């Protein structure tokens with residue numbers, strides 16, 4: 001199954017490889033979001049003493065599994081015997097964070113466990129998160145990829161003046177206050193951990 005998502009990549013920078021790959025699958029419209037998240041992650045890493053190179057790479061590939069149609073996401077996970085929680089069965093799009101890490105590793109040779117972890121939880125965060133996990137999670141929220149403005153952005157940016165953790169909790173508070181289709185257990189666990197630390 002992975003072979004259908006594999007192409008010959010140019011001998012080029014990771015950013016250019018990402019661009020070529022997405023263009024090959026008619027996903028050119030998502031290239032800018034990847035670049036913006038990579039840049040935001042780099043800036044957050046500089047500000048908070050993170051690894052800028054790892055943050056940039058994670059940002060470049062965080063949504064690379066956009067090439068997998070949503071109606072194929074469950075089959076992809078099952079084929080490779082990868083974890084699926086019940087909430088992901090209800091909303092398969094939530095699998096995209098895990099599948100982006102799989103493609104980054106298998107197709108682009110990204111093997112650094114910190115980078116793969118940050119990609120794997122960039123939508124939901126997770127318990128026992130690292131600084132890099134927080135950075136990429138927040139970069140993805142700062143560079144909101146929807147037509148409307150991010151309703152939480154002003155408050156999130158203000159919370160960043162306190163800490164990465166405060167900003168992450170700010171977003172998760174906003175998320176859980178809304179009308180969620182499902183409450184992903186990783187997000188629930190991350191919120192509980194943040195509350196214990198900050199409140």
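The values are calculated or read from the model by the stated rules, or taken from the named source; none is laboratory data. Bear in mind that the values here come from a model prediction, so they are computed numbers and not experimental data. Positions of Cβ are generated from backbone atoms using ideal geometry, with glycine treated the same way; all protein chains shown enter the neighbour counts.
Go through region 99-151 residue by residue and tally those that are at pLDDT below 95 and more than 18 Å from residue 31 (Cβ to Cβ).
Residues of region 99-151 at pLDDT below 95: 144-151.
From what's left, more than 18 Å from residue 31 (Cβ to Cβ): 148-151.
Residues meeting the conditions: 4.
If I filter region 3-14 down to residues being assigned to a helix (DSSP H, G or I) and touching a helix residue (DSSP H, G or I) at 6+ places or on another chain (Cβ under 6 Å), which single residue comes out as surrounded by the fewest Cβ atoms within 10 Å (Cβ to Cβ)? Looking at the filtered set, the residue picked out is 14. Residue check: residue 129 meets all listed conditions (1) in contact with a helix residue (DSSP H, G or I) (Cβ under 8 Å, 6 or more places away or on another chain); (2) over 16 Å from residue 190 (Cα atoms); (3) assigned to a loop (DSSP other than H, G, I, E, B) but one, namely (2).
For region 94-108, the count of residues that are under 30 Å from residue 12 (Cβ atoms) and not in a helix (DSSP H, G or I) is zero.
Going residue by residue through region 91-99, is there one that turns out to be under 30 Å from residue 7 (Cα atoms) and out of contact with any helix residue (DSSP H, G or I) (no Cβ under 8 Å at 6 or more places or on another chain)? Even if it seems obvious, please write down each step before you answer.
Start the filter on region 91-99 by keeping residues that are under 30 Å from residue 7 (Cα atoms), which leaves 91-99.
The next check asks that each one be out of contact with any helix residue (DSSP H, G or I) (no Cβ under 8 Å at 6 or more places or on another chain); those that pass are 91.
Yes, region 91-99 contains at least one residue that is under 30 Å from residue 7 (Cα atoms) and out of contact with any helix residue (DSSP H, G or I) (no Cβ under 8 Å at 6 or more places or on another chain).
For region 83-105, the criterion of being without any contact (Cβ under 8 Å) to a residue 24 or more places away in the chain, surrounded by 15 or more Cβ atoms within 10 Å (Cβ to Cβ) and over 22 Å from residue 130 (Cβ atoms) is met by at least one residue. One residue stands out among those in region 132-169 that are assigned to a loop (DSSP other than H, G, I, E, B) and in contact with a helix residue (DSSP H, G or I) (Cβ under 6 Å, 6 or more places away or on another chain): the one that is farthest from residue 57 (Cα to Cα), which is 152. Going by the conditions given, is residue 60 in contact (Cβ under 8 Å) with a residue 12 or more places away in the chain, closer than 24 Å to residue 167 by Cβ and surrounded by fewer than 19 Cβ atoms within 10 Å (Cβ to Cβ)? No; evaluated as a whole, the condition is false for this residue.
Going by the structure shown, is residue 169 under 20 Å from residue 43 (Cα atoms) and free of Cβ contacts under 8 Å to residues at least 24 places away in the same chain?
Values: under 20 Å from residue 43 (Cα atoms): yes; free of Cβ contacts under 8 Å to residues at least 24 places away in the same chain: no.
It is false that residue 169 is under 20 Å from residue 43 (Cα atoms) and free of Cβ contacts under 8 Å to residues at least 24 places away in the same chain.
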